[in-house]
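Quick notes on the structure that follows.
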Amino acid sequence: MTSSSPTLNSYRALPDPDGHFGNFGGRFVAETLMPLILELEQAYKDAKSDPAFKKEMDYYLRHYVGRANPLYFAERLTEELGGAKIYFKREDLNHTGAHKINNCIGQILLAKRMGKTRIIAETGAGQHGVATATVCARFGLPCTVYMGSKDIERQSPNVFRMRLLGAEVKPVVSGSRSLKDAMNEALRDWVTNVEDTFYIIGTAAGPHPYPELVRDFQSVIGNEAKEQILEAEGRLPDQVIAAVGGGSNAIGLFHPFLDDKGVEVVGVEAAGHGVHTGKHAASLSAGKPGVLHGNRTYLLMDDDGQIKEADSISAGLDYPGIGPEHSWLKDIGRARYEPITDTEALDAFKLCSELEGIIPALECSHAIAQIVKEAPKMGKDKIILMCLSGRGDKDIFTVAEALGVKL
Amino acid sequence: MSDAIIGGQDRIAKRFAKLKEEGRAGLVTFITAGDPDPEASFEILKSLPEAGADIIELGMPFTDPMADGPAIQEASNRALAAGMHMRKTLSLVRGFRDLDHETPIILMGYYNPIYIYGVAEFLEDARNAGVDGLIVVDLPPEEDAELCVPTVEKGLSFIRLTTPTSDDKRLPKLVQNTSGFVYYVSVAGVTGAGSASNDQIVEAMGRLRRHTDLPIAVGFGIKTAQQAADVARQADAAVVGSAIVSKIAESLDENGKATDKTASMVTGLVRELANGVRNARK
Ligand SMILES: Cc1ncc(COP(=O)(O)O)c(C=O)c1O
């Protein structure tokens, strides 16, 4: 709590040495794991100051992931909405089809440096699971992915992809059988296998130093986008916008822009059936601060502090918490967070597919839906830059079902 | 009532002093508050001291018990499904304290329900109910300002978990601010998983004793009277949780409801374990 205001007049100086973003973040883990996360923190510090690490990272991002990916002017969507110019940062064009791989490359290189020989991960939509299984195949490490049994049903193509890549997918049947429970189970695995195992967390959450290192690895999104928009428009955008599950693609886009005062920062949460129905995943709009999965952050819970199940058509947003840096950005007012329902996201999914020839992931369809609301109210001289965090191939079964189509 | 609010550290210290006098280790039994329902849970709780429990750990149910194996996860789920919440957990303790002024009660669980209750209000209510100490799994010393320091200031014990990953470098940090006793989690893993070998326990006890004079309780994976006796030869107390909670599960009817055998099946197991512990050093 020593750092409730940013130092150096910057929004980019946190976390503090104890992993706090203002009142959020921290290290709320079982003692068994403490030496492991301290070791990770040290290893990450060393890696950050080692030019060889950066060089390796850049190599794989370029030759394996396919970066830099384009910043694409969504011309027809812009015309249709009749307001601000809309740009998409095309994370869907990465190897494995989403932003998740950026972080996985970073973490597996760290794991190698630390001499770890086994990888575990949690996954919701399966995108992080696929990205983890992919880097494990590439670097020759055995991989176990925990996935809620509910998500296994609705994301079956990704389950098969993980298995093809040689990963073991372990169904999680406890609790709400989705992302939060997969994370519990991964933590249980980690306390059991402390010697050899590296836990690749898939979003900017968890105990310190994960929110920081995931953000740093995903910041390649915002850094590239900034350069690209300057090249395309000769100026910064008026708004950056992204969907938030745990918040990794969003913080990756936002972070490089946080100190640019003229850039409005907007995160989009999954409102499921609607925030008023109680069946949603909008932890920032409708939750309150609490402690789960190693950090203090906004959570969905009841009056007794019991965690509520989240609900969203998008498995990747179906989480009752949010990365701690987003909680801080919300509280200090540097970012605003807006809820989008399943129905609104589905409409945006169709709109983007039909107008741009891009089938977006259901996650970032939430961000598109928010743009549908806001862009028309903005002048034609304004610029919106959105993170198109992934492609929607994995979602076609879910969407077909929602539209009443039998495949 | 005045009895109920003698400092929690006292009751724990007195209990360990008495055990020392008797020349034996203690038995620490874990059950989850409200498992399988609040009434049956109270029946079980009441019967524990008589069956041989020297100290009681009472689990505070939580939806996301990240450090627990299936047995204690299910106990938590049963309690929550039966409408358990923190205020009821504290009334359970109060009810017990009216009957038993000596057996220490340690609340064990995760931070969020306490944080949401409000730390100051929780400590006040817990102390008034007759709670003696807290074990909070997801609060390492790095987060001591949250709850550990206020707990100790309130005169209750904050009992720390030490683990196989707690080396000589980390242990001083772990035993600082802590009181009552030190809990040694003998295997890296979730509750109910495998147990440590005797040699491993002997080695760990040596390490811990270099850093603290507090009594040391050893737990994780103890299921039988024999295992409890083995631990009791090395440590100041043996902790049994999952085995007892599994016994509760075993006693339920097909709808998951308590039966007239529930309390007696639990006390039966506790009696066996207590025998093991009490005869260990003979
Ligand atoms: C394509 C895509 N976008 C967004 C997310 C949400 O995660 P985060 O908020 O960490 O970016 C996911 C998660 O699975 C995803 O697959």
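Only the coordinates and a few stated rules stand behind these numbers; no lab work does. What you see is a predicted model, and the numbers here were worked out from it, not measured in a lab. Every residue, glycine among them, receives a Cβ derived from its backbone with ideal geometry; neighbour counts consider all protein chains shown.
Structure data summary
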| item | result |
| --- | --- |
| Cα→Cβ-extended label distance, 7 Å offset, between A:Asp18 and A:Glu401, nm | 4.4 |
| Within region B:3-279, percent of DSSP bridges classed antiparallel, to nearest 5 | 0 |
| Kyte-Doolittle mean at least -1.0 and Cα axial length at least 24 Å: DSSP H helices in chain B | B:262-279 |
| Length-normalised contact order of region A:161-241 in % [C-alpha pairs under 8 Å, at least 6 apart] | 10 |
| Partnerless cysteines, meaning none of the other Cys C-beta atoms lie under 4.7 Å away, in chain A | A:Cys104, A:Cys352, A:Cys364, A:Cys387 |
| Gain on full stretching of the segment that runs from B:Asp213 to B:Lys173 - 0.36 nm per residue minus C-alpha separation | 12.9 nm |
| Alpha-carbon spread of region A:304-390, three principal axes, descending order, Å | 46, 29, 19 |
| Inter-site label distance for B:Arg271 and A:Glu227 at 7 Å from Cα along Cβ, in nm | 7.6 |
| Fluctuation leader among A:Leu351, A:Leu109, A:Leu38 - chain A, Gaussian network, Cα springs under 10 angstrom | A:Leu38 |
| Note, ³J(HN,Hα) from phi for region A:360-365, Karplus 6.51, -1.76, 1.60, rounded to Hz, x at Gly and Pro | x, 4, 4, 4, 6, 4 |
| Proximal charge balance of A:Ala47 [Cβ under 14 Å; K/R count +1, D/E count -1] | -1 |
| Three-way shape call for region A:245-393 based on the alpha-carbon gyration tensor, with the a/c threshold at 1.5 | oblate |
| Gap separating the Cα centres of region A:232-298 and region A:85-109, nearest whole Å | 17 |
| Cα gyration tensor shape of chain A, rounded if a/c is under 1.5, else prolate or oblate by comparing a/b with b/c | rounded |
| Whole-Hz ³J(HN,Hα) from phi, Karplus 6.51 cos²θ - 1.76 cosθ + 1.60, for region A:198-206, glycine and proline x | 10, 9, 8, 6, x, 9, 7, 10, x |
| Those lysines that a straight Cα-Cα span of less than 29 Å connects to B:Lys261, excepting residues fewer than 8 apart in one chain | B:Lys46, B:Lys88, B:Lys223, B:Lys247 |
| nm² value of the averaged projected area, convex hull over the Cα atoms of the protein assembly as shown | 29.8 |
| Residue of B:Ala82, B:Ala217, B:Ala238 that the Gaussian network model of chain B assigns the largest fluctuation, springs spanning Cα pairs under 10 Å | B:Ala82 |
| Share antiparallel - DSSP beta bridges, the protein assembly as shown, percent rounded to 5 | 20 |
| Relative contact order (%) - region B:3-279, alpha-carbon pairs under 8 angstrom, separation at least six | 25 |
| Karplus-derived 3J(HN,Hα), 6.51/-1.76/1.60, for each residue of region A:299-309, Hz, glycine and proline x | 9, 8, 7, 9, 5, 8, x, 7, 6, 8, 6 |
| Counting DSSP beta bridges with both ends in chain A, the antiparallel % (nearest 5) | 30 |
| Highest-fluctuation residue, B:Leu134, B:Leu156, B:Leu208 considered, GNM on chain B with Cα pairs under 10 Å | B:Leu208 |
| Separation of the B:Glu124 and B:Glu43 label points, Cα + 7 Å toward Cβ, nm | 3.6 |
| Under 5 Å, built H, 5+ apart or other chain: amide partners of A:Tyr337 | A:Gly267 |
| Charge sum, other residues only, whose C-beta stays under 13 Å from A:Leu351's C-beta, Lys/Arg counted +1 and Asp/Glu -1 | -3 |
| Low-density loop positions, chymotrypsin sites (Phe, Trp or Tyr not before Pro), region B:165-251 - DSSP coil, at most 14 other Cβ in 10 Å | none |
| Listed residue (B:Thr191, B:Ile55, B:Pro141) projecting farthest to the positive dipole end of chain B, Cβ model | B:Ile55 |
| Chain B: radius of gyration over Cα atoms, expressed as a fraction of 2.2 N^0.38 Å | 0.91 |
| Lysines with Cα under 21 Å of A:Lys350, excluding same-chain neighbours fewer than 8 positions away | A:Lys85, A:Lys89, A:Lys373, A:Lys394, A:Lys406 |
